[in-house]
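Everything below concerns the one structure shown next.
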Amino acid sequence: MLADIGLGLSVIAAAAWAGLLLMLTTVLHPMFARQGPRGFAEDMRRFLPIARRSPTNYVLVALLVLAPAVALVGLWGDPTAAPFLLTAFGLAVTIAGPLLTSRLYAEPNYDVILSWDRRPCRRTGASPGRAGCA
């Protein structure tokens with residue numbers, strides 16, 4: 001019973017996360033791509049602080065980690081069976097893939113984007129975030 005609950009919650013969390021990612025890549029990415037550097041920087045300054053503190057992110061990340069862990073506890077009786085091994089592999093891939101990649105690579109980039117000055121570069125006149133703007 002515990003394994004069924006954990007696996008069911010894992011499927012729901014993965015589906016919700018995939019839906020969120022689909023929205024970001026098919027709606028927001030094309031919208032941002034059509035803008036110039038100034039528009040992109042302005043939208044990122046509005047979007048990132050909200051997205052980084054969204055309760056949805058925290059809930060989904062917690063479910064993506066805790067639900068498979070609950071399933072593993074329920075499947076512990078036969079740790080060599082395919083359901084246990086596949087669930088453990090899925091949990092490891094979730095932690096090593098999107099979670100660590102986001103924490104180690106995406107978050108530092110977000111800090112850079114949020115630090116971009118809003119004013120045009122005095123030296124070159126370039127838009128914020130562009131090469132040559134110091």
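Here, each number is a calculation from the coordinates, and none is a lab measurement. This one's a predicted model, so the numbers in the text were calculated from it and none came from an experiment. Methodologically, a virtual Cβ is constructed for each residue, glycine included, from the backbone with ideal geometry; neighbour enumeration extends over all protein chains shown.
Computed quantities for the displayed model
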{"quantity": "For the chain: relative contact order, % (alpha-carbon pairs under 8 angstrom, 6 or more apart)", "calculated": "31"}
{"quantity": "3J(HN,Hα) from dihedral phi, the range 72-81, Karplus parametrisation 6.51/-1.76/1.60, rounded to Hz, x for glycine, proline", "calculated": "5, 4, x, 8, 4, x, 9, x, 9, 6"}
{"quantity": "Charged-residue dipole, Cβ positions (Lys, Arg, Asp, Glu), the chain about Cα centre, Debye nearest 20", "calculated": "1020"}
{"quantity": "Selection from P30, L63, P79, by position along the positive dipole direction of the range 2-115 (Cβ)", "calculated": "P30"}
{"quantity": "Cα-based Kirkwood hydrodynamic radius, the chain, one decimal, Å", "calculated": "17.4"}
{"quantity": "Projected label distance in nm at R34 and A92, using a 7 Å step from Cα toward the beta-carbon", "calculated": "4.4"}
{"quantity": "Gaussian network model of the chain, springs between alpha carbon atoms under 10 Å - residue of T56, T25, T94 with greatest fluctuation", "calculated": "T25"}
{"quantity": "Using alpha-carbon coordinates, inclination of helix 82-94 to the longest axis of the chain, degrees", "calculated": "20"}
